[in-house]
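Enquirer: My structure is below; once you've seen it, I'll send some questions.
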Amino acid sequence: MNKWFRLVRGRVAVVTGANTGIGFATARALAEHGTRVVLACRDARKAHDAASRIGPGAEVVRLDLASLASVREAAAELRARHDRIDLLINNAGVTNAPGRTADGFETQFGVNHLGHFAWTALLLDRVLAVPGSRVVTVSSIAHRFGRIDPEDLRAASGYPASKLANLLFAYELTKRLRGTGTASLAAHPGGAATEIFRHSSAVFRGANLAIARVFGRTPAMGALPTLRAAIDPGASNGEYYGPGGLFEIRGCPEPVKSSARSHDAGLQKRLWEGSLRATGVGCPV
């Protein structure tokens with residue numbers, strides 16, 4: 001993978017949720033190889049601390065994906081700083097988070113899908129300005145258990161539904177980007193010891209950490225599928241990467257298959273249209 005990093009030296013990568021876990025590992029790996037990284041995070045203090053650990057190639061923009069107003073403000077700030085974005089990596093996520101977003105959506109669905117949908121739409125022209133640019137959306141094995149009614153996104157809830165939505169979005173974006181020179185790809189980390197389960201019960205958190213440790217899945221390992229989707233010159237529009245080993249929990253990053261539901265073209269289109277209505281954003285594709 002090291003030989004691929006040369007291709008993104010001097011480019012601009014924006015990573016959501018990059019102050020910790022897989023997002024931090026992704027941003028640090030890119031910065032170590034000469035990429036200028038923007039850490040888009042809800043907690044600005046933690047983000048600045050993470051940026052200082054990454055080094056001078058890192059900058060911060062405050063982004064709260066649970067608020068569409070914050071998404072718009074952060075996108076406007078980023079657009080003022082950068083006229084091009086080479087890599088847009090939609091990594092941030094929550095699970096078992098209580099309550100609803102500032103806009104009235106269930107928190108997991110609002111943050112994991114709708115926030116990223118609006119974020120991508122508001123920045124996509126900056127990505128389209130770069131031949132060979134990519135949008136990488138991080139999903140999960142849990143997408144296989146997700147169900148969504150795209151006609152009623154106010155009722156959409158749960159981590160699996162949000163992760164299914166991530167893939168439906170990534171695949172619909174794939175079709176809309178054909179012929180533009182920009183690609184949409186997706187990835188999942190397998191099992192990794194991160195803070196995403198911080199809202200879960202102590203028993204669930206302990207079980208997740210135990211599984212991750214047994215399989216040796218550190219955040220740096222969990223970041224590898226995202227990094228391959230972002231920098232492998234052979235990666236193609238529409239591909240989905242994850243660990244190639246047992247149950248896609250561990251192993252080197254490889255192209256993997258997602259559920260039949262995630263490939264439902266009608267569902268992809270209806271979710272896209274419903275997400276436009278729910279977020280109130282426009283999109284250049």
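Enquirer: Using Cα-Cα distances under 8 Å and only pairs 6 or more residues apart, what relative contact order does the chain have, in percent? Walk me through the intermediate numbers first.
Expert: Numbers: 622 pairs, mean separation 51.5, N = 285.
It comes to 18 percent, rounded to a whole number.
Enquirer: For the chain, what is the mean residue ellipticity at 222 nm derived from helices alone (per DSSP H run of n ≥ 4: -39500 (n - 2.57); sum divided by total residues; nearest 500 deg cm²/dmol)?
Expert: Values: 10 runs with 113 residues, N = 285.
Dividing the helical sum by the residues of the chain leaves -12000 deg cm²/dmol.
Enquirer: Considering segment 1-107, what Rg and Dmax in Å follow from its alpha-carbon atoms?
Expert: Gyration radius and largest Cα-Cα distance of segment 1-107: 14.1, 45 Å.
Enquirer: May I ask you to compute the full-extension gain from Arg277 to Arg144, defined as 0.36 nm times their residue separation minus their alpha-carbon distance, rounded to one decimal in nm? Mind dumping the intermediate values first?
Expert: On the way: separation 133, 0.36 × 133 = 47.88 nm, distance 2.53 nm.
Roughly 45.3 nm would be gained on extension.
Enquirer: Given segment 1-133, what percent of its DSSP beta bridges are antiparallel, to the nearest 5? Show your work: numbers first, answer last.
Expert: Details: 1 of 14 bridges.
Antiparallel bridges make up about 5 percent of those DSSP assigns within segment 1-133.
Enquirer: Hey, in the GNM for the chain with a 10 angstrom Cα cutoff, which one of Thr180, Thr20, Thr35 fluctuates hardest?
Expert: Among Thr180, Thr20, Thr35, the largest mean-square fluctuation in the Gaussian network model of the chain belongs to Thr180.
Enquirer: Which ³J(HN,Hα) values in Hz, rounded to whole numbers, follow from the phi angles of segment 177-187 under the Karplus curve 6.51 cos²θ - 1.76 cosθ + 1.60, where θ = phi - 60° and Gly and Pro get x?
Expert: 8, 4, x, 8, x, 10, 10, 10, 10, 9, 8
Enquirer: Residue by residue through segment 86-96, which ³J(HN,Hα) values in whole Hz follow from phi under the Karplus form 6.51 cos²θ - 1.76 cosθ + 1.60 (θ = phi - 60°), with glycine and proline marked x?
Expert: Once rounded to whole Hz, the list reads 7, 10, 10, 10, 8, 9, 4, x, 10, 9, 6.
Enquirer: Between segment 123-163 and segment 1-35, how far is it from one alpha carbon centroid to the other, in angstrom?
Expert: 21 Å
Enquirer: Please state the relative contact order of segment 20-176 as a whole percent: Cα pairs under 8 Å, 6+ residues apart?
Expert: Details: 235 pairs, mean separation 30.4, N = 157.
The value is 19 percent.
Enquirer: Also, quick follow-up: Amide H of Ala183 versus every other amide H placed in the peptide plane: which residues, excluding those fewer than 5 positions away on the same chain, fall under 5 Å?
Expert: Ser133, Arg134, Val135
Enquirer: List every residue whose amide H lies under 5 Å from the amide H of Tyr241, counting only residues 5 or more places away in sequence or on a different chain, with H placed 1.01 Å from N in the peptide plane.
Expert: Ala186, Ala187, His188, Val256
Enquirer: Using θ = phi - 60° and the Karplus relation 6.51 cos²θ - 1.76 cosθ + 1.60, list the HN-Hα couplings for segment 20-29 in order, rounded to whole Hz, with x at every Gly or Pro.
Expert: Residue by residue, segment 20-29 yields 7, x, 5, x, 5, 4, 5, 5, 5, 4 Hz.
Enquirer: Over all directions, the average projected area of the alpha-carbon convex hull for the chain comes to how many nm²? Mind showing how you got there, number by number?
Expert: Details: hull surface 52.4 nm².
About 13.1 nm², averaged over all directions.
Enquirer: Roughly what % antiparallel, to the nearest 5, for the DSSP beta bridges in the chain? Don't skip to the end; give the middle numbers.
Expert: Values: 4 of 28 bridges.
Given both bridge residues lie in the chain, the antiparallel proportion sits at roughly 15 percent.
A short reminder: the numbers here are calculations on the coordinates, not readings from a lab. Everything numeric here is computed off the predicted structure, so don't read it as measured data.
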